[in-house]
C-alpha cells in the first residue's frame, strides 16, 4: 500500500528536521564554547597553582635562611650579652673602688677641717693650751641670751644646732637662755681667780675648771638659764627647763657634761656640751655620759660631728 504525503506534511517534516538541526547546532556551539572556556580556565588555574607552588617553595627557602640567620644572631646576641654583663661587673667594681676612694678623701677632708680637740676630754684630763681658739665664732642671737648687752659667742658650726634647740624650747614654753658660752683661756683664768678669792681654792676647784681645762674654751659648750632663774644656778635642777633638756637636748647634739656623782666637778645641770647628733644619740641610747666613754671610741665620731 502506498502512503501519499500531502504537501503540508512534507513542509512540516522539513521544518521539523531543520529545527532539530538548528537545536543540535546551537547546543554543539554552546558545548564547544564551554569546553574552550573550561580548557582556558584549567590552564589558568594550573598556571596559578604552579606560581603558588613556586612562591611557597621560595618562602620555605626564605624561612630556612632566616632561621639560620636568627640562630647565628642569637649566638652573637648571647655572646654580646655575656660580654656586656662582664663589662658591667667590671664597671661596678671600679665604681665601688671609686666610691671608696671618694668617701675616704671626703672623710679625710672632713677630719682635716675639724679640730680634733672638739671631742677631747678636757676636764682635768687633757690640757687645751692658751693659743687655742675656735676656727670661727658666731654671735648667739640676743633674743636667746640672758644679759643681751654682753655678747655670747659659739663655734659657727654649732650655732644652727643651738638655735634650733633654743627656738624649739621656747615654742614648748621653756624660756631657755644662754648665760655663758665661749670663754677664752684668759677669760677662764680670770674667772677661776675670782672664784678662788670668793670661795677659796678648794671649793672653787669643785665647780670651776682651771684655764686650759674648761670645755667653754672649745666654743661648743653653753651654760643655760631661764628668764625667771637668771644667774641663780642653784634652782636649775628643779626648773622645767632642765627636764626639757634631759628629754630633748640629744636631738640637737648636746649632752650633759657633769651629771650627779661624776668624777670631775659638782653636778652642773646647766652645763651642756655639743658632741654631734650621732654621738649624742649613742650616749642617750646606751645611758652613758660623755666622760664614761673611752677617748678612742669618742674619736670615731669626730668625722660626723657636724652632720645633720
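Read-outs: derived from the displayed coordinates by stated rules, not from any lab. In this text, all values refer to a predicted model and were calculated from it rather than measured experimentally. Positions of Cβ are backbone-derived with ideal geometry, glycine not excepted, and every protein chain shown enters the neighbour counts.
What ranking do 247-256, 6-15 get when scored by the average of other Cβ atoms within 10 Å per residue, highest first?
Working: 247-256: 19.8, 6-15: 9.8.
Sorting 247-256, 6-15 by mean packing, highest first, produces 247-256, 6-15.
Highest-first packing order for the peptide set 237-244, 265-272, 66-73 is 265-272, 237-244, 66-73, based on the mean count of other beta carbon atoms within 10 Å.
Classify the range 240-308 as rounded, prolate or oblate from the Cα gyration tensor: take a ≥ b ≥ c as the square roots of its eigenvalues, call it rounded if a/c is under 1.5, otherwise prolate when a/b beats b/c and oblate if not. Oblate. Put a dot 7 Å past the Cα of residue 231, heading toward its Cβ, do the same for residue 82, and the two dots end up 8.4 nm apart. Averaging Cα coordinates gives a centre for the range 126-181 and one for the range 54-69; these two points are 86 Å apart.
Kindly state, to the nearest 0.05, the FRET efficiency for residue 49 paired with residue 72, given R0 = 30 Å and r defined as their beta-carbon distance.
Plugging the Cβ-Cβ distance into 1/(1 + (r/R0)^6) gives 0.30.
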